[in-house]
Amino acid sequence: MKIEKNKVVSFHYVLKNNEGEVIDSSENHEPLVYIQGSGGIIAGLEEAMEGKKIGDKFDVVIPPDKAYGLYDDELLQTIPLSSFEDPADVEEGIQFQVDTGDGIRIATVTEVHDDEVIIDFNHPLSGETLYFDIDVQEIREATEEELEHGHVHTHECCH
């Protein structure tokens, strides 16, 4: 069986940055599972998975425009420190969810000043070229319910 639209795919991965540092890995964890064609993984990786089979091991380089996008300076905002529930707890690097009206976005605090904070709505990996080592574990047909819900149902899934 080959990876194609509406197949459930399970794979192990190691993700590295330009410097060869490991950013993330499924090593010592369960493999990542998604439905091909559902947008459950970044576009460039989904494209690279197309046509692969169980047991395939390969490396793929994903440019920013096929991963988390280019870095956009317009996604930086300055907000008053007083807009936080507990301003004393605000520090560089913390992340929080914001309802932007276009959905929930993750914001990262990049600078803290006396009375204002600079937050960044860019994905932490935006602008980065990503290097994946992939090991395809399983491929199966997605169930009708999984296709309706747009995600894989596992033993942890609650509906």
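Structural remarks
- So D24, is it under 30 Å from I139 (Cα atoms), charged (D, E, K, R) and assigned to a strand (DSSP E or B): yes
- Residue that is nearest to the chain's Cα centre (by Cα) [pool: residues in segment 27-45 that are in a loop (DSSP other than H, G, I, E, B) and small (G, A, S)]: G40
- So H149, is it more than 28 Å from V14 (Cβ to Cβ), surrounded by 15 or more Cβ atoms within 10 Å (Cβ to Cβ) and not aliphatic (A, V, I, L, M): yes
- Qualifying residue in segment 92-110 (condition: in contact (Cβ under 8 Å) with a residue 60 or more places away in the chain and among the aromatic types (F, W, Y)): no
- Listing of strands (runs of 3 or more DSSP E) fully contained in segment 46-145 that carry 2 or more residues being in contact with an Asp or Glu (Cβ under 9 Å, 6 or more places away or on another chain) and at pLDDT 95 or above: 57-62, 76-80, 104-112, 116-120, 130-141
- The residue of segment 72-107 that is farthest from N122 (Cα to Cα), among those that are of a type outside the set (K, R) and in contact with a Phe, Trp or Tyr (Cβ under 8 Å, 6 or more places away or on another chain), is V90.
- Out of V90, V98, one residue alone is over 30 Å from V8 (Cα atoms), touching a helix residue (DSSP H, G or I) at 6+ places or on another chain (Cβ under 8 Å) and surrounded by 11 or more Cβ atoms within 10 Å (Cβ to Cβ). It is V90.
The values are calculated or read from the model by the stated rules, or taken from the named source; none is laboratory data. Quick caveat, the model's predicted, so the values are computed rather than measured. Note that each Cβ is placed from the backbone with ideal geometry, even for glycine, and that neighbours are counted across all protein chains shown.
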